Each structure stands twice: as structure tokens, then as C-alpha cells.
Amino acid sequence: VFYSLQRSALFQAHGITADMRINSESAARKKRKVLAGTYEVSLSDIYRELLPQADETLIGQAVDAEVSCEIAHGFIYEPVARLIRRAHQRGLRTIVVSDTYLSSAQLRHMLSELMGEDCGLIQQIHCSSEAGKAKTTGIWPEILRRENRQPHQLFHLGDNRHADQEAPARLGIG
């Protein structure tokens, strides 16, 4: 994604490279850790770090460009989409919990573009950037509170052993 972005007119006009985008994320996370005790940042935070003199219009354009690029490169893993449809058919509530710098609105937009009408089967999206906590650093109690659920009432799937299996399992989430 970042290498595609560096070829975009916006990035070229401001001399932004993929490495600069990557390094600005790291710098924004380090700064947030010092200031707020968390590494969780938003996409806007990353671009404010990358373009400290930019106004909010330019920050918004950069954010929109990255979200659009993510959509262009993204895909939905069909077995997961099928699982979401089956959960809906059985009357189960489906939520997304994501460690991401995207906001829930940005992630919903991305999923909507990639999933079409099936995105409507996802009732809620929770993002670490908004919660200020990742899956491994405490978002799960917040999810349980927001969803008004007990750990045994959630079933979680993911691709990261530590964040998606071990961390929720410590709370009794299957």
C-alpha cells in the first residue's frame, strides 16, 4: 500500500516516500506512548507526524488517499465472509475488533467497499485506535463492557495467535 501511495500525485507533490510513511507511524506511536501511555494512534495522527506543517485539509486528503489505496489492495477472505453470513442466518450478533490506526467509520467504509451488502451483517466495529488499547493491552474488557456481554458469550476469530487467541482466552473469550 505505501509503495503504491508513494507513486500517487499527492505523495509525489509533497515528497513523501513509503519509508517516510512507515517511519512517521513509528514516530507517532512512540510520541503517543510518552504522552498518553498507549501506542494506539489514528491515521490522522500518523499524517500529522509526517506533515507537521499541513492543514487539516491536506491531512484529510492524505488519510482519504490511504484508505482508498487500502481498498484497492484489499480483499475479503471468502471463508470469513461465509462465516459472517452463517452467523447472521442463525441470529448471532457479529462484531469486528481490529488493531488498526483506522477509525471504525474508515474500517466500515473499507469493508463496505470490499464486502458490498454483506458489510451490513456486521453490527459493530471496535478499533484499537479509538479505544486507546490493543487486543494485547486491554481492549477486551472494554469490548465486553460496550457489548454488555460476558466472556463466554463471545467467540473470536483472528489471524494473530497472541492478539486473537491468547489475549482473549486469558479472559475466558473463546
- Sort out for me the helices (runs of 4 or more DSSP H) sitting completely within segment 73-142 that have 2 or more residues that are under 20 Å from Ala28 (Cβ atoms) and free of Cβ contacts under 8 Å to residues at least 60 places away in the same chain. 104-115
- Restricting attention to segment 80-87, does a residue exist that is farther than 24 Å from Gln165 by Cα, more than 16 Å from the chain's Cα centre (by Cα), modelled with pLDDT of 95 or more and open to solvent by 80 Å² or more (accessible area, probe 1.4 Å)? no
- Task: Output yes when any residue across segment 94-102 is more than 26 Å from Lys33 (Cβ to Cβ), open to solvent by less than 70 Å² (accessible area, probe 1.4 Å) and modelled with pLDDT of 95 or more, and no when none is.
- Result: yes
- In segment 21-50, which residues are surrounded by fewer than 18 Cβ atoms within 10 Å (Cβ to Cβ) and either of a type in the set (A, V, I, L, M, F, W, C) or in contact with an Asp or Glu (Cβ under 6 Å, 6 or more places away or on another chain) (or both)? Ile22, Ala27, Val34, Leu35, Ala36
- Item | Restricting segment 55-79 to residues that are among the charged types (D, E, K, R) and under 24 Å from Leu121 (Cα atoms), the residue that is surrounded by the fewest Cβ atoms within 10 Å (Cβ to Cβ) | Glu78
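The values are calculated or read from the model by the stated rules, or taken from the named source; none is laboratory data. Being a predicted model, the structure only gives us computed values, none of them experimental. Positions of Cβ are generated from backbone atoms using ideal geometry, with glycine treated the same way; all protein chains shown enter the neighbour counts. Just the protein is used for accessible areas: all its heavy atoms, side chains included, with ligands, DNA and RNA removed. Shrake-Rupley method; radii C 1.70, N 1.55, O 1.52, S 1.80 Å.
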